[in-house]
Amino acid sequence: MYRDWRLAAAIAVATLSGHAIAEDSLEERLALAESRLASLEKQGNNEDRVQINGFLTFAMEKTNRTEDAAGNGLYYQGVVGNEDWNLDRLTRAGVQINSKISDDAEAVVQILGRANEDFSAEVQWAYVSYDINSSLTARAGRLMLPFYLHSQYTQVGYAYPWIDLPGEMYSVIPLDTMEGMDLTWNFNTGNVAHSINAFWGGMDVLSQGSLFEVRNQHGINIRSNLGNWTGWYSYTNSEVSIDLSDALLGLTAFNMDHHYAYFTGLGLQYDNGSLFVMGERGRLDLSTPANWFPTLDSAYITAGYRIGKFTPHLTWATIEHNSISDVDLSVAGGTGGFLFQQFGDHQKSWTAGLRYDLTPGISLKAEVATYYDFDDSDYKSNGLFSDPVTPTNLAGPDTEDPTVYRFAVESVF
Amino acid sequence: MIKRILITVLLSLPLFATAQTATAEELAVIVSKNSPVTSLTDAEIQQLFSGQSRSVGGNSLQPLDLPGGDAQRNAFYQQLLGRSPDQMRSHWARLIFTGKARPPREVNSPREMKTMIESSESFIGYIPAADVSDKVKVLKLFN
């Protein structure tokens, strides 16, 4: 009897709790559904509010045996030699966070880590943008230098066909950001979409061991798109100061104090989805005492054709300087000529490359670049090669065909 | 001779292209029935879906996309811009990392795209022509 009572009680409890469980689970399920909905809604909002995008490049490079006549090893961009694969000059990763502050305002931060700086993260850009109206946007902060057709995404290898952007053009100014503000106006004329951008800012450029302080840098650029065609024009001028007296053992004759400088670039691109052709020209000129800084003229032309997932492409590029006879050698024993040679690059190159799109977001690339025409009637130049042991050695490559081989994996995510 | 082969190859390229797309479903570019937009040129549709413009004639239009890898989405961009999924990814990489534009908002299914467009005038999207309802306006048909 006692046992029966116990059994009945157990059954009653079980039944009761069974009801409780059923009710709980219905409530729970409702709550769960509600929270899911809420989180979905939140996700939707977040997706709109905060966007995170990233890119990554792993690239390796090697030269053939490149030496000057005396047998000194010459390295492409000072670091790529023939003995070991250079894995860190172009290897880099970045993350960009776009966050909406309001319907009209947005903050953008891009963090970049380069392998040759141990991936120590640096803020590549950070700016606040504000849409004044649907066609006018103002930005302030650290911005990309808008000098070239591909300026805005130089670090995102996935966005262009090469592993290394044509060095003759893209390494003339060894920096790609500035501090400043800009205004962009987007408008259409018929079927042509235009984007005009005006900017003002400043930057510090370390080149050949000397610090160029670039101030009051202002310029304008326009990008126009018509179907498969894109046109680009940029003009920038600035005031440059540099103190060379330490480097030149007390010599002050070549210092610059707010000297005028300009850069201008012109680009054209055609891309019908299969065939693409693009070219750019650029000129950098600084007004310097005794004309010690060379006028640098750069250009390249690229053609490629997409065959399914493969994109073979070919590029010819050149960089030239004005004649050294423009330098006033009567100043300070002709030291201006020495400076001129440090900054005066002269070379041409052919680059053949192949891109393979593994899947949207990942591509594999290979390219071979061969360099020539380092000579000038007046003096030899190393072009974009240099002797890391003796940086002032400008004997010029004596190798038949200085060549650089590159392989890369590029990704955006 | 080489020239002739080249010309033959070049002339036959579009054949491959059409052969590929003929098997795809017909797609309709749609906006809400209540949208003030009544017609769009091909160039305007291209600009909206490639991030070059955000409005047409003063009416803001936000493009919607099917999920990445979706066959209809791939067919849509192949027809609208002649670009493969890889090329669209490169295209958006250029704009995203320029801070210039964001890719279209992604929905989960053609059904969701249709529902969103039916319920708001601010969206533009593409669905199979067979699924068009009387709550949307068809601005362009791709087949």
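The values are calculated or read from the model by the stated rules, or taken from the named source; none is laboratory data. Just so you know, these numbers come straight off a predicted model, no measurement behind them. A quick note on method: Cβ atoms are made from the backbone with ideal geometry, for glycine too, and the neighbour counts reach across all protein chains shown.
So the values come out like this:
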item: Close pairs (8 angstrom Cβ cut-off, 6 or more residues apart or separate chains): polar (S, T, N, Q) in the stretch B:114-125, assigned to a strand (DSSP E or B) anywhere; result: B:Ser119/B:Ser32; B:Ser120/B:Ser32; B:Ser122/B:Ser60; B:Ser122/B:Gln62
item: Options B:Phe142, B:Phe76: the member that is under 25 Å from A:Ser274 (Cβ atoms), of a type in the set (Phe, Trp, Tyr) and either crowded, with 20+ Cβ neighbours inside 10 Å or modelled with pLDDT of 90 or more (or both); result: B:Phe76
item: Subset of the stretch A:137-156 [more than 9 Å from every other protein chain (Cβ to nearest Cβ) and in a loop (DSSP other than H, G, I, E, B)]; result: A:Leu145, A:Pro146, A:Phe147, A:Tyr148, A:Leu149, A:Thr154
item: Subset of the stretch B:43-70 (residues that are out of contact with any Asp or Glu (no Cβ under 6 Å at 6 or more places or on another chain), more than 9 Å from chain A (Cβ to nearest Cβ), modelled with pLDDT under 90 and not in a loop (DSSP other than H, G, I, E, B)); result: B:Asn59
item: Residue that is farthest from A:Trp162 (Cα to Cα) [pool: residues in the stretch A:342-386 that are in a strand (DSSP E or B), more than 20 Å from the chain's Cα centre (by Cα) and polar (S, T, N, Q)]; result: A:Ser386
item: Selected residue [modelled with pLDDT under 90, farther than 14 Å from A:Thr66 by Cα and surrounded by 14 or more Cβ atoms within 10 Å (Cβ to Cβ)] from A:Pro397, A:Pro360; result: A:Pro360
item: Some residue of the stretch A:49-59 being charged (D, E, K, R), within 12 Å of chain B (Cβ to nearest Cβ) and over 23 Å from the mean Cα position of the chain (by Cα); result: yes
item: Qualifying residue in the stretch A:114-126 (condition: in a strand (DSSP E or B), more than 10 Å from chain B (Cβ to nearest Cβ) and closer than 23 Å to A:Gly219 by Cβ); result: yes
item: Residue under evaluation A:Glu400, criteria (1) free of Cβ contacts under 8 Å to residues at least 24 places away in the same chain; (2) in a strand (DSSP E or B); (3) among the charged types (D, E, K, R), criterion not met; result: (2)
item: Flag if A:Tyr262 is part of a strand (DSSP E or B), away from every other protein chain (no Cβ under 14 Å) and in contact with a Leu (Cβ under 7 Å, 6 or more places away or on another chain); result: no
item: For A:Tyr130: the one exception among (1) within 14 Å of chain B (Cβ to nearest Cβ); (2) not in a strand (DSSP E or B); result: (2)
item: B:Gly99 being crowded, with 16+ Cβ neighbours inside 10 Å, at pLDDT 90 or above and either assigned to a helix (DSSP H, G or I) or small (Gly, Ala, Ser) (or both); result: no
item: Residue match in the stretch A:230-250 (condition: more than 30 Å from A:Phe385 (Cα to Cα) and of a type outside the set (Ser, Thr, Tyr)); result: yes
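Residues checked against (1) surrounded by fewer than 18 Cβ atoms within 10 Å (Cβ to Cβ); (2) within 11 Å of chain B (Cβ to nearest Cβ); (3) assigned to a strand (DSSP E or B); (4) without any contact (Cβ under 8 Å) to a residue 40 or more places away in the chain:
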| position | (1), (2), (3), (4) |
| --- | --- |
| A:Val95 | yes, yes, yes, no |
| A:Ser99 | yes, no, yes, no |
| A:Asp103 | yes, yes, no, yes |
| A:Val108 | no, yes, yes, yes |
